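Participant: If you scroll down you'll find the structure; I have some questions about it.
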């Protein structure tokens, strides 16, 4: 772990990794708290797994047709937003069972991604790194869009917090009090999609949901208001991300997996504290 | 709205879910500051009627006016309180946050302002929950939660309260306190509540609206207690859920032509 701190000032990629971890933790703490209180973890899972389709399609188009601007990350953002809007539309119309829709999008997106990767010429080892995260490979352009996404999420959350809280508590009551719930549902889905893309960069498609929900779930056990839950979730997220990064650096463990393991430990500790407090 | 105008005016309303007609030629007018108990058997159309008043449903025929306008336009002036709010018992929400939700569409984007907090505090005082601001909503009793939801509606400036079986999940001790509260609130607002408890009808309500696919409104003075005894069976405290609603023969009334479409 000491080698991490000594190398931090020597290697710019480590500074990038630290910044990326902090930016992802801020988004995860804010959006993740809403996801947890709304019990919509499956939404985040469906978005994260369908991102593989966007990554794969972007790389396929890049290789086959030479569209340089369409990077895998651009594909991931576009796929996440498209899936979020599709899910918002399907679930608010209420004509389909939400769990069935989410499962179909989750597995369908993953399957499409595998097919796109297979159809792309050459070996796609970097695409596979998206499955489990590649925190140490975060570039400066990645940091820029992560920071922009954070600003958007923070701004929207600050403006719409009261409306999000009312909808999360009871959608029908919020609607009857005059809130245009269908509009805020779309905004919520888009925020979740943006956050998941950030987390995929840190923890990968498979583990992103854990980083979204575990710090928020732990914070929920320690606080009794959503705004405080968000603040504590951000702090927990930053703590486990930085500690996990430092801890994994020396032995060469995968940083995303180490961060998620620490998040599980923090959640269990919070559950223990919660139980002790309740007696 | 002029004082003489009814707060709620339902004229010749018919409503059907698909081909299943649930309300037929329903007409009534409710004046300001009334406390109306809506009674009738399950499936008789009580909840459908509330949804029509809230603008959640649109009548097939006839018209609904609330506070002189279409229900959709009056939505923020009408407070709906369900019989229970399905929510996660670990949902992080304080009492003051729950009450402030009544002002959620009135407040600007961002945090609630001083005025919002002042109105929310006053609303809590009106439902006798002053000092509960920082308590967790989940830790309250069923009766206290109903009071908080009523405070939420009042904080939003509701002039009409629509309560759907407001004491269904409340213990008997708190039930009478809630009815006293509803009576007290009629000094300021009009209250319409679905109820299965006869003591409410005889002891607190000013009017009874019997809904059983059709509907009839009666001032409480017109309905002798003997009528209830005869209609609902001896000393029962709960209205029996059968077809014996006391004011009408629903099967005959359902065969009457639609008033709202020229007798088609």
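Participant: Which of (1) in contact (Cβ under 8 Å) with a residue 24 or more places away in the chain; (2) away from chain B (no Cβ under 14 Å); (3) out of contact with any helix residue (DSSP H, G or I) (no Cβ under 6 Å at 6 or more places or on another chain); (4) closer than 19 Å to residue A:29 by Cβ does residue A:148 not meet, given it meets every other one?
Facilitator: Among (1) in contact (Cβ under 8 Å) with a residue 24 or more places away in the chain; (2) away from chain B (no Cβ under 14 Å); (3) out of contact with any helix residue (DSSP H, G or I) (no Cβ under 6 Å at 6 or more places or on another chain); (4) closer than 19 Å to residue A:29 by Cβ, the lone unmet condition for residue A:148 is (1).
Participant: Kindly indicate whether residue B:116 is without any contact (Cβ under 8 Å) to a residue 60 or more places away in the chain, within 12 Å of chain A (Cβ to nearest Cβ) and surrounded by fewer than 24 Cβ atoms within 10 Å (Cβ to Cβ).
Facilitator: Spelling it out, residue B:116 is indeed without any contact (Cβ under 8 Å) to a residue 60 or more places away in the chain, within 12 Å of chain A (Cβ to nearest Cβ) and surrounded by fewer than 24 Cβ atoms within 10 Å (Cβ to Cβ).
Participant: Is there a residue in the stretch B:241-248 that is in contact with a strand residue (DSSP E or B) (Cβ under 7 Å, 6 or more places away or on another chain) and either part of a helix (DSSP H, G or I) or at pLDDT 80 or above (or both)?
Facilitator: Taking every residue of the stretch B:241-248 in turn, none turns out to be in contact with a strand residue (DSSP E or B) (Cβ under 7 Å, 6 or more places away or on another chain) and either part of a helix (DSSP H, G or I) or at pLDDT 80 or above (or both).
Participant: Taking into account only those residues within the stretch A:178-216 that are within 12 Å of chain B (Cβ to nearest Cβ) and touching a helix residue (DSSP H, G or I) at 6+ places or on another chain (Cβ under 6 Å), which is surrounded by the fewest Cβ atoms within 10 Å (Cβ to Cβ)?
Facilitator: Once the filter is applied, the top-ranked residue is A:178.
Participant: Could you tell me how many of the residues in the stretch A:61-90 are touching a residue at least 60 places away in the same chain (Cβ under 8 Å) and crowded, with 18+ Cβ neighbours inside 10 Å?
Facilitator: Summing the residues that are touching a residue at least 60 places away in the same chain (Cβ under 8 Å) and crowded, with 18+ Cβ neighbours inside 10 Å in the stretch A:61-90 gives 8.
Participant: Let me ask something else. If you scan the stretch B:63-89, which residues turn out to be facing chain A (nearest Cβ under 10 Å) and over 17 Å from the mean Cα position of the chain (by Cα)?
Facilitator: Matches in the stretch B:63-89: B:86, B:87, B:88.
Participant: Could you check the stretch A:1-110 for helices (runs of 4 or more DSSP H) lying wholly inside it with 3 or more residues that are under 29 Å from residue A:169 (Cα atoms) and modelled with pLDDT under 95?
Facilitator: Qualifying helices (runs of 4 or more DSSP H): A:41-65, A:72-93.
Participant: Which residue out of B:86, B:166 is without any contact (Cβ under 8 Å) to a residue 12 or more places away in the chain and either surrounded by fewer than 16 Cβ atoms within 10 Å (Cβ to Cβ) or within 27 Å of residue A:225 (Cβ to Cβ) (or both)?
Facilitator: B:86
Residues are listed down the side, and each one gets a yes or a no for (1) within 14 Å of chain A (Cβ to nearest Cβ); (2) in contact with a helix residue (DSSP H, G or I) (Cβ under 8 Å, 6 or more places away or on another chain); (3) assigned to a helix (DSSP H, G or I):
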| site | (1), (2), (3) |
| --- | --- |
| B:120 | yes, yes, yes |
| B:128 | no, yes, no |
| B:138 | yes, no, yes |
| B:148 | yes, yes, yes |
| B:151 | yes, yes, yes |
| B:154 | yes, yes, yes |
| B:174 | no, yes, yes |
| B:182 | no, no, yes |
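Participant: Could you please let me know if residue A:131 is within 14 Å of chain B (Cβ to nearest Cβ), in a helix (DSSP H, G or I) and surrounded by fewer than 24 Cβ atoms within 10 Å (Cβ to Cβ)?
Facilitator: When the stated conditions are applied, residue A:131 does not pass them.
Participant: Another one. Could you say which residue among B:107, B:96 is part of a loop (DSSP other than H, G, I, E, B) and either under 15 Å from residue A:166 (Cα atoms) or within 11 Å of chain A (Cβ to nearest Cβ) (or both)?
Facilitator: Going through B:107, B:96 in turn, just one is part of a loop (DSSP other than H, G, I, E, B) and either under 15 Å from residue A:166 (Cα atoms) or within 11 Å of chain A (Cβ to nearest Cβ) (or both): B:107.
The values are calculated or read from the model by the stated rules, or taken from the named source; none is laboratory data. Worth saying up front: this structure is predicted, and the values here are computed from it rather than measured. Reconstructed Cβ throughout: ideal geometry from the backbone, glycine too, with neighbour counts over all protein chains shown.
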